[in-house]
1. Quick one: with all protein chains in place, what share of the accessible area of the range 134-211 is carbon or sulfur, to the nearest percent (1.4 Å probe)?
2. State in Å² the accessible area per residue of the range 109-176; use a 1.4 Å probe, count heavy atoms of protein chains only, and round to the nearest integer.
3. Among all lysine pairs in the chain that are eight or more places apart or on different chains, how many have alpha carbons less than 23 angstrom apart?
4. Based on C-alpha coordinates, I'd like the Rg and Dmax of the chain, in Å.
5. Give me the percent relative contact order of the range 130-174, please, defined on Cα pairs under 8 angstrom at least 6 residues apart.
6. With a probe of 1.4 Å, find how much accessible area the range 1-84 has per residue, and write the answer as a whole number in Å².
7. Computed over the Cα atoms, what is the radius of gyration of the range 340-436 divided by 2.2 N^0.38 Å, N being its residue count?
8. When the accessible area of the range 364-517 is split by element with a 1.4 Å probe, what percent falls to carbon and sulfur?
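The values are calculated or read from the model by the stated rules, or taken from the named source; none is laboratory data. Quick caveat, the model's predicted, so the values are computed rather than measured. The accessibility values were calculated without ligands, DNA or RNA, using every heavy atom of the protein model including side chains. Shrake-Rupley method; radii C 1.70, N 1.55, O 1.52, S 1.80 Å.
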Amino acid sequence: MTEFDADVLVLGGGPAGAWAALAAAAAGARVLVVDKARCGASGPTARGGVTLWNIPPGRARDEAVRQNFAHGGGLGEVDWMYRVLEETHRRVGQLVQGGLRYQGEHAHRPSRVYLDGAKYLGRLRRSMVIAGVRILDHHPALQLITDGDGVVSGAAGVSLRGGSRNWTVRARAVVLATGGCAFLSGGAGTDVDTGDGLLMGAEAGAELSGMEFSNAYSLAPVADSPVPGGRPVAAVFGSDQVMHFATLYDESRAVLWGRGCGSRAEAFAAIADGRRVYAALDELPESVRAELLRLGPSSTGQVPLCAVLEGTVRGTGGLRLTGPDCATTVPGLYGAGDVTTREPITGAVSGFGGQNGAWSISSGVWAGAGAAGFAAARRKLGKARPVPGVGLGDKARLDPRAVVGLVQEHTVPLRRSYWRSDGSLRDSIGELDGLWPGVELALGGKGPDRLRARQAAALLAVARWTKYSALARTETRGMHRRTDHPGAGSDWRVRLLSGGLESVWVRPQPVVAEAAPA
């Protein structure tokens, strides 16, 4: 057992975790970051571009907030939107002053900033090293540690290098920045996004919110023989690039998207119906065309597409935050990035238009500063113990691949997640609930096997929260689509909180009434 000590422990080294670490270090805290893979080189950001919601103060910002509030089905919060825009604009200015280059919609006053993800993460890692942050790569966290009063006091996990040794970090505050959950669907860089932080938080008593808005899909090219099983090559291109450059057709050459025609739902409906959907090769960016031609030359000038579930990574649901410092409902535990709900800024829709990237920066800064303040005010740490969790047994009596397979059966297909109904949701809930008792008793192992068991348990837990929340919201709002309730309900301007492990619970919480700027 390797033991460490810190004022603030950050779980996850993506953009949100990096900004949290930098903010905590700037506040004078001793900061330790642990990452499941290599900090700065893993996750969705490292495998594609990053868009940031960056709008200077003025009428353009007011109009962006107004549109964003309306687009989110009235579940967003204007004050949070303005705070995120202000924080992001400030931090983008710092990045530019430090020499980071970006592309924007306008040369001097961009409303969207586009960054190369790998370079962005590399810059953040170097900044953390300069700030004195200690980074432990390939050290996935498996469970939180709490004291006798239930205050989070660190975390425990396993090192995947050097003999798979167990580790423990005692800390006065913890920031969860572990990313969302994409159900191992093959999305770009989402192999590390298995919902671990959501499960750890819930086991410690944290609440979730917006889990019904966790069914985001992207469209990705399907490679020919070079990729086993015809799997999507989304890892090469990142999320949805083809959607923004190419016209989409079905096999009859009917236009589904592009040139002012069609809609996103038409493309997904065609795929769900078994029709083939294509993008015009000559309309894709040169870098994408070159990579596709390298993988398999196209004789027709068309690129076949498939739907890839991105879950809460590009969706909205996650841990509920209780205030502007990004504290969760558990003392000593803070949240940042995709592991948290983004409802305050996106409402019932995805934050793909730059909101998610801006949220990673802003929530990271606020969570890091909040955790540092909590750590500074906390007295000497007393006795603490790991929070009991699922999938942490010493022996494996159940293959985690069987668990993952069943979860994917009820989450990945469009007919299970993109469109929902009372019947399909109850069917999924019955299957998933029936698996949970066996998972509690039989998942486990040592070293990497324990990590795989833990990931399978997290995937199952997230799937159950998602299905129960979707069943409870009997309307269609934003990305939540009920075929048996096709319209938005006038009495459904509420958030759905959820949690629980053995028995999942869901309860409504009214949204604070406010109006977007005129």
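1. Details: 790 of 1970 Å².
The C+S portion of the solvent-accessible surface of the range 134-211 is 40 percent.
2. Values: 2740 Å² over 68 residues.
I get 40 Å² per residue for this part.
3. On the way: LYS36/LYS119; LYS36/LYS395; LYS36/LYS446; LYS395/LYS446.
Close lysine pairs found across the chain: 4.
4. 21.9, 69
5. Result for the range 130-174 is 31 percent.
6. Numbers: 3050 Å² over 84 residues.
Accessible area per residue: 36 Å².
7. Values: Rg = 20.0 Å, N = 97, 2.2 N^0.38 = 12.5 Å.
Normalised by 2.2 N^0.38 Å, the Cα Rg of the range 340-436 equals 1.60.
8. Values: 3830 of 6990 Å².
Within the range 364-517, the accessible surface is 55 percent carbon and sulfur.
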